[in-house]
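Undergrad: Mind looking over this structure? Questions follow.
The values are calculated or read from the model by the stated rules, or taken from the named source; none is laboratory data. Just so it is clear, the model here is predicted, and its values are computed rather than measured. Don't worry about glycine lacking a Cβ; one is built from the backbone with ideal geometry, like all the others, and counts go over all protein chains shown. Protein only, heavy atoms only, side chains kept; ligands, DNA and RNA dropped before computing areas. Shrake-Rupley method; radii C 1.70, N 1.55, O 1.52, S 1.80 Å.
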Amino acid sequence: MFASLVAGISGLTLSDARAHCDTLDGPVVKEARVALDAGDVTPVLKWVKKESEGKIAGAFKKAVAVRAKGGAAKELADTWFLETLVRVHRAGEGAPFTGLKPAGSDLPHAVVAADKALAGTLPVDTLTKHVSGIVADGIRERFAVVAEAKKRADTSVEAGRKYVEAYVEYIHYVERVAQVASGAGGHAHEGHAAGTD
């Protein structure tokens, strides 16, 4: 929940914000690789909805059988299973899957920081200050634009339209931040929260 909040709020400032569970170094893939090597699907089942457990267990069984052949077959089986798992995980959150992204994909700093905090390598207070700063800066920037536009709003229709445009951006930004902070965000909300889709 907290990581989703951070990702959602961070996404409000980035036009291409996306989850990192679809990257090759993301948490879903990392855990799936361990599960494949151990031959035990159980640890990855938490990444999918209960109704998808059978599908993932079946895919896992097939992947383990094929990867036993080694070489290219192992690589192909692993890739197929990872794609299947991440696609089903994303679908369970109502989010699109556009393929696995390379390791080291450009992720929002807040998402990286959220994982570091969870791993214990970054104090959570550092994370909260960072995210709070992103939100505060976003509100201040939009407020300054709308406040300046308001001064000239009645000088002409065009000036009034510029004010309305700035006002709408300001209000919608605050609204999106509040929605994400109240738990209405998450992966499925990313594109909408960023106002890009």
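Undergrad: So VAL111 fits all but one of (1) open to solvent by 80 Å² or more (accessible area, probe 1.4 Å); (2) β-branched (Val, Ile, Thr); (3) modelled with pLDDT under 90; what number is the exception?
TA: (1) is the only condition that VAL111 fails.
Undergrad: Something else: Got a sec? Which of VAL146, VAL66, VAL44 is surrounded by 12 or more Cβ atoms within 10 Å (Cβ to Cβ) and at pLDDT below 95?
TA: Values: VAL146 fails: at pLDDT below 95; VAL66 fails: at pLDDT below 95.
Testing whether each residue is surrounded by 12 or more Cβ atoms within 10 Å (Cβ to Cβ) and at pLDDT below 95 leaves just VAL44.
Undergrad: Quick check, is ASP16 under 26 Å from LEU118 (Cα atoms), among the acidic types (Asp, Glu), modelled with pLDDT under 95 and buried (at least 19 other Cβ atoms within 10 Å of the Cβ)? Spell out the reasoning first.
TA: Working: under 26 Å from LEU118 (Cα atoms): yes; among the acidic types (Asp, Glu): yes; modelled with pLDDT under 95: yes; buried (at least 19 other Cβ atoms within 10 Å of the Cβ): no.
Judged against the criteria, ASP16 is not a match.
Undergrad: Kindly indicate whether SER10 is modelled with pLDDT under 80 and open to solvent by less than 30 Å² (accessible area, probe 1.4 Å).
TA: On the way: modelled with pLDDT under 80: yes; open to solvent by less than 30 Å² (accessible area, probe 1.4 Å): yes.
Yes.
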